[in-house]
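Structure, as structure tokens:
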Amino acid sequence: MAELSELSAKLSEIKSQITSNLATITSSKGVYEYRKTVMDSKEGKIGSLMREMGKIPKELKADYGKMVNEIKNWAQDKFDAMDAEFKAREMKARYDKEAIDVTLPEKRQKKGNLHPNTQVRNQIVDIFGSMGFQIYEGNEIETDYYNFTALNIPQDHPARDMQDTFYLSPEFLLRTQTSAGQIHVMEAQQPPIKIISPGKVFRSDDDATHSPMFSQMEGLVVDKGITLCDLQGMLDVFVKKIFGEETSTRLRPSYFPFTEPSVEVDVSCFQCGGKGCKLCKGTGWIEVLGAGVVNKKVLDGCGIDSNVYSGLAFGIGIDRIAMLKYGINNIKLLFESDLRVLGQIDD
Ligand code: PHE
């Protein structure tokens, strides 16, 4: 029996040791490490007791085993309880540390916006897109033929002057009008044709309302029985969507070599409603674009039979529409990239 009383003393010694050691532990990691030194089957204080079973006389083995198991369970429970307590505390500390204060006001991010020209271009594309127009992307560098000759602009026309056009060589130039794209489209395709063609154009011009580079949107419809009425109908829809439901259009006779008849299209003044103001210079009308019925010579030159088909064409100044719509009085403001100006226009 000496072995059992010896064991009993040893076990109470181990118990009090574990109790006092556990009191100094401060984390779940500490519990884990200490648990190993106690429970490990080779080196652990309790774990190794089982290995000593071999030395115990046979008749005492059962009691010995029972006592060792008891302390083993006791220690296990202690470690588990401590572990759970630390883990809960550590979790809470982590949550506290990583907590997000949802009431904190956010840092204001300045929202960007598209350039006014891009906004207007997109609006115009949407409007004509909804009427079934397709987009044709033309070339910024053109030949004299596409920009002038094929559009029935004769050799001695003033637009061909070096002072108005940027020539790259006697043959090549920077297109002065998106109308050059009309010819490419009509050469490549038989009617029905219904395209718009937005893009940059270049003219040697520079003042408050003119810039050497600006943007146009060409429109071209060719089919059987197309008349000026179709043009006015489409443009009426266009101005109502861009300038407001109460606006309407008026056609005035004009001249372009590639259209016959040719017209200037005015929109009723959206600022004064037609009474006359500074914007419309007292007339109640504002000129917004040039247009007309495609000249038979141009159709025939592109291989489209003008006895069968007729067409209409229009050219919208995108910058001009943006200036009118957003009250910009100098075209330079559209090219200076001053965010104080551009940031005000978010349509
Ligand atoms: N290309 C002409 C211009 O730049 C506008 C226009 C286009 C006129 C189509 C008639 C038809 O002034």
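The values are calculated or read from the model by the stated rules, or taken from the named source; none is laboratory data. Note that the structure is predicted; figures quoted are calculated from it, not measured. With ideal geometry, Cβ positions are generated from the backbone for all residues, glycine too; neighbour counts draw on all protein chains shown. Ligands, DNA and RNA are stripped out before the accessible areas are found, and what is left, the full protein with its side chains, is counted by its heavy atoms. Shrake-Rupley method; radii C 1.70, N 1.55, O 1.52, S 1.80 Å.
Which whole-angstrom value gives the distance between the alpha carbon centres of region 149-175 and region 311-347?
26 Å
Determine the dipole magnitude for the chain: charges of +1 sit on the beta-carbon of Lys and Arg, -1 on that of Asp and Glu, nothing else is charged, the reference point is the Cα centre, and the result goes in debye to the nearest 20.
Working: 43 positive and 49 negative charges, 375 e Å.
That gives the chain a dipole magnitude of about 1800 debye.
Let's see if you can work this out: charge +1 on each Lys and Arg Cβ, -1 on each Asp and Glu Cβ, no other charges. What is the dipole magnitude of region 235-347 about its Cα centre, in debye to the nearest 20? Mind dumping the intermediate values first?
Values: 13 positive and 14 negative charges, 71 e Å.
It comes to approximately 340 debye.
Say the dipole of the chain comes from +1 at the beta carbon of Lys and Arg and -1 at that of Asp and Glu; which of Phe314, Ile331, Val298 then lies farthest toward its positive end?
Ile331
Looking at region 193-288, which GluC sites (Glu not before Pro) are in a loop (DSSP not H, G, I, E or B) and have at most 16 other Cβ atoms within 10 Å? Mind showing how you got there, number by number?
Working: sites: Glu218, Glu245, Glu246, Glu264, Glu287; in loops: Glu245, Glu246.
Filter output for region 193-288: Glu245, Glu246.
Which Cα, out of Leu168, Met234, Gln216, lies furthest along the positive dipole direction of region 116-342 (beta carbon charges, K/R +1, D/E -1)?
Met234
How large is ³J(HN,Hα) for each residue in region 338-344, as worked out from phi by the Karplus curve 6.51 cos²θ - 1.76 cosθ + 1.60 (θ = phi - 60°), to whole Hz, x for Gly and Pro?
Per residue, the Karplus-derived 3J(HN,Hα) values read 8, 5, 5, 7, 5, x, 7 Hz.
How much net charge surrounds Thr209 when only other residues with a Cβ under 14 Å from its Cβ are counted (Lys, Arg +1; Asp, Glu -1)?
Details: positive: Arg203, Lys281, Arg320, Lys332; negative: Asp205, Asp206, Asp207, Glu287, Asp319.
Local charge sum for Thr209: -1.
Based only on Cα atoms, what Rg/Rh ratio does region 4-98 have, Rh being taken as Kirkwood's radius?
On the way: Rg = 16.1 Å, Rh = 14.6 Å.
A ratio of 1.11.
Check which residues have an amide H placed less than 5 Å from Thr259's amide H, if you skip close sequence neighbours.
Residues meeting the criterion, in which the H sits 1.01 Å from N, are Asn295.
Please list 3J(HN,Hα) in residue order for region 124-138, calculated via the Karplus relation 6.51 cos²θ - 1.76 cosθ + 1.60 where θ = phi - 60°; whole Hz, with x for glycine and proline.
5, 4, 4, 4, 6, x, 6, 8, x, 6, 9, 9, 10, 9, x
Where does the chain land on Rg(C-alpha)/(2.2 N^0.38 Å)? Please report the intermediate quantities before stating the final value.
Numbers: Rg = 44.1 Å, N = 347, 2.2 N^0.38 = 20.3 Å.
Dividing the Cα Rg of the chain by 2.2 N^0.38 Å gives 2.17.
Work out which trypsin sites (Lys or Arg not before Pro) in the chain are exposed loop sites (DSSP not H, G, I, E or B, at most 13 other Cβ within 10 Å) and give the longest gap free of them. Kindly include the intermediate steps, with their values, before the conclusion.
Values: sites that count: Lys42, Lys107, Arg108, Lys110, Lys111, Lys224, Lys275, Lys278, Lys281.
That gives 112-223 as the longest site-free run.
Between region 191-210 and region 250-287, how many Å separate their Cα centres?
So the separation of the two Cα centres works out to 19 Å.
Over the chain, what is the mean sequence separation of C-alpha contacts under 8 Å (at least six apart), divided by residue count, expressed as relative contact order in percent? Before the final figure, lay out each step's value.
Details: 507 pairs, mean separation 48.2, N = 347.
Averaging sequence separation for qualifying contacts and normalising by length gives 14 percent for the chain.
With viscosity set to 1.306 mPa s and temperature to 10 °C, compute the Stokes-Einstein D of region 110-166, Rh being the Kirkwood radius across alpha carbon pairs; µm²/s, no decimals.
Numbers: Rh = 14.7 Å.
In µm²/s, the coefficient rounds to 108.
Which value at 222 nm does the chain reach when only helices count, each DSSP H run of 4 or more adding -39,500 (n - 2.57), with the total divided by all residues and rounded to the nearest 500 deg cm²/dmol?
Details: 10 runs with 135 residues, N = 347.
Helix-only estimate at 222 nm: -12500 deg cm²/dmol.
Are there GluC sites (Glu not before Pro) in region 61-141 that DSSP puts in a loop and that have at most 16 other Cβ atoms within 10 Å, and which ones?
Numbers: sites: Glu70, Glu85, Glu90, Glu98, Glu106, Glu137, Glu140; in loops: Glu106, Glu137, Glu140.
Passing sites in region 61-141 are Glu106, Glu137, Glu140.
Just the C-alpha atoms of region 1-60: what Rg/Rh do they give, with Rh taken as the Kirkwood radius? Intermediate results must be reported in sequence, preceding the final value.
Values: Rg = 13.7 Å, Rh = 12.8 Å.
When Rh is taken as the Kirkwood radius, the ratio is 1.07.
Accessible area per residue, 1.4 Å probe, Å², for the chain: what's the number? Spell out each step's value before the answer.
Details: 19740 Å² over 347 residues.
Accessible area per residue: 57 Å².
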